[in-house]
Amino acid sequence: MSQTKVEAPFVANNANFRNLLINGDMKVAQRSTSTSGVSTTGNFILDRWKCNIDNLGAFTISQSTDVPTGQGFSNSMKWDCTTADASPAAGDNMTFQQRFEGQNLQMLKKGTSSAEKTTLSFWVKSNKTGTYVVELRDKDNSNRHINKTYTISSSDTWEKKTVTFDGDTTGTLTNDNSESLDLNFWLGAGSTFTSGSLQTSWGSSTSANRAVGQVNLADSTDNEWYITGVQLEVGDQATDFEHLPHDVQLQRCQRYYYQMGPGAQYDPLMVGACNGVNSCYGMVHFPVEMRGDPALESTGTSADYCVYAGGHNPFPCDSGPASNTIDNYGMRIYFTCSNDLVAGEAGEMLTYNSSGYLGFDAEL
């Protein structure tokens, strides 16, 4: 019996990992699913997304289950204004950002005559309608930038937006693991960033041209802003969002940040050996190679950690965990307990309560 061969449908630009962004569906949240009172720069709530607020109100930023219907998303990021600032000073600003390694952007051919266009697509929802600005900023070449606008037209309604950026024939990106390019979603800005003409083509950085026309999301405590399905890809056409398996997305995030805990009391963190009466060493091997040598994070409270050794009850620590030997594959860590341990005994390093955790930060 003959069989009819069924051809798979052709989908243009269907290459794997065509999304240059990581965690664009807002599913991975190693640090926290909600942080309140955010009013400073440099905050990571959901993985890979940096939330910067510089003297422009305060927000609760969280992982939400409010998503556009029928698009395959389970999470979004929500910004909820809790302290308003309706009159920003000149230098006040607020952005939502992801940073890129230069070695992941070489296909853009930036700085050559063949420089590629890129297309950004995303789903957004807010009661604050009006004009918003998105920006690509080149950190390798004197902060060259290009800025485009999108409009939230209908209050409290999920809308899909698509923005295309021209390629830049000036300024190559370094082929290494350092920060080369930023994607910035502006959410508010003072006159320092809004008093010029929007830089809609690639050019040298001018602060006044970065956020012209941008609405102020911080002007009322009624304001909320949601985003999900964020995709940046090579070319001038937006394709459907690339849904990756959770384990793949998590591993991509763990290149930049890896966290053990928090969980329950006596959750194991690592095993090791006591090298004296007051210290125990152990080794954490990271699940993936990290971008660089990470910084160690902990609660900073010694009472959140303990050591179990010699068959005794766990010994509370006298100081928080500290790093010893570090590289991008693992970290040697020691716990200190005053005169309770026996040199040469095996030890297990644990959380002493549900607050304890270890974090390893190699973010750009």
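Just a few scattered comments:
- Checking each residue of segment 31-45 against the condition of being among the basic types (Lys, Arg) and within 28 Å of residue 240 (Cα to Cα) gives no match.
- The one condition from (1) in contact with a Leu (Cβ under 7 Å, 6 or more places away or on another chain); (2) at negative phi that residue 210 does not meet is (1).
- Within segment 58-92, considering residues that are open to solvent by less than 10 Å² (accessible area, probe 1.4 Å) and under 16 Å from the mean Cα position of the chain (by Cα), the one nearest to residue 189 (Cα to Cα): 79
- Scanning segment 210-222 for residues that are touching a strand residue (DSSP E or B) at 6+ places or on another chain (Cβ under 7 Å), crowded, with 19+ Cβ neighbours inside 10 Å and not charged (D, E, K, R) gives 211, 214, 215, 216, 217, 218.
- Unique residue being under 21 Å from residue 107 (Cβ atoms) and open to solvent by 30 Å² or more (accessible area, probe 1.4 Å) when the list is 231, 237: 237
- Within segment 122-147, being on the phi > 0 side of the Ramachandran plot and open to solvent by 40 Å² or more (accessible area, probe 1.4 Å) holds for 142, 143.
- Of all residues in segment 315-340 being in a loop (DSSP other than H, G, I, E, B) and of a type in the set (Ser, Thr, Tyr), the one that is modelled with the highest pLDDT: 329
- Against the criterion of being closer than 20 Å to residue 88 by Cβ and either modelled with pLDDT under 95 or surrounded by fewer than 23 Cβ atoms within 10 Å (Cβ to Cβ) (or both), residue 205 does not qualify.
- Single condition residue 27 does not satisfy, out of (1) out of contact with any helix residue (DSSP H, G or I) (no Cβ under 7 Å at 6 or more places or on another chain); (2) modelled with pLDDT of 95 or more: (1)
- In summary, residue 362 fulfils each of the numbered conditions (1) of a type in the set (Gly, Ala, Ser); (2) open to solvent by 50 Å² or more (accessible area, probe 1.4 Å); (3) within 30 Å of residue 16 (Cβ to Cβ) with the single exception of condition (2).
- Taken over segment 349-363, residues that are assigned to a loop (DSSP other than H, G, I, E, B) and over 19 Å from residue 287 (Cα atoms) amount to 5.
- Residue match in segment 303-326 (condition: closer than 25 Å to residue 49 by Cα, in contact with a Phe, Trp or Tyr (Cβ under 9 Å, 6 or more places away or on another chain) and open to solvent by less than 30 Å² (accessible area, probe 1.4 Å)): no
- Residue that is nearest to residue 291 (Cα to Cα), among those in segment 241-273 that are in contact (Cβ under 8 Å) with a residue 60 or more places away in the chain and open to solvent by 70 Å² or more (accessible area, probe 1.4 Å): 246
- Residue within segment 269-292 that is assigned to a strand (DSSP E or B) and closer than 13 Å to residue 352 by Cα present: yes
- Looking only at segment 245-272, and only at residues there that are of a type in the set (A, V, I, L, M, F, W, C) and modelled with pLDDT of 95 or more, the one that is nearest to residue 346 (Cα to Cα): 271
- Top-ranked residue of segment 346-359 - restricted to ones that are surrounded by fewer than 21 Cβ atoms within 10 Å (Cβ to Cβ) and of a type in the set (S, T, N, Q), ranked as farthest from residue 302 (Cα to Cα): 354
Okay, residues lined up against (1) open to solvent by less than 10 Å² (accessible area, probe 1.4 Å); (2) part of a loop (DSSP other than H, G, I, E, B); (3) not aromatic (Phe, Trp, Tyr):
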{"residue": "149", "(1), (2), (3)": "no, no, yes"}
{"residue": "155", "(1), (2), (3)": "no, yes, yes"}
{"residue": "164", "(1), (2), (3)": "no, no, yes"}
{"residue": "173", "(1), (2), (3)": "no, yes, yes"}
{"residue": "180", "(1), (2), (3)": "yes, no, yes"}
{"residue": "187", "(1), (2), (3)": "yes, no, yes"}
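- Taking residues in segment 12-38 that are outside any loop (DSSP other than H, G, I, E, B) and open to solvent by 60 Å² or more (accessible area, probe 1.4 Å), and partners anywhere that are modelled with pLDDT of 95 or more and polar (S, T, N, Q), the pairs with Cβ atoms closer than 6 Å and at least 6 places apart or on different chains are 34/62; 36/60.
- Checklist (1) of a type in the set (S, T, N, Q); (2) under 14 Å from residue 189 (Cβ atoms); (3) crowded, with 17+ Cβ neighbours inside 10 Å applied to residue 55, failing item: (3)
The values are calculated or read from the model by the stated rules, or taken from the named source; none is laboratory data. What you see is a predicted model; the values in this text were computed from it and never measured. Every residue, glycine as well, gets a Cβ built from its backbone with ideal geometry; the counts of neighbours run over all protein chains shown. Areas reflect the complete protein model, heavy atoms only, side chains present, ligands, DNA and RNA absent. Shrake-Rupley method; radii C 1.70, N 1.55, O 1.52, S 1.80 Å.
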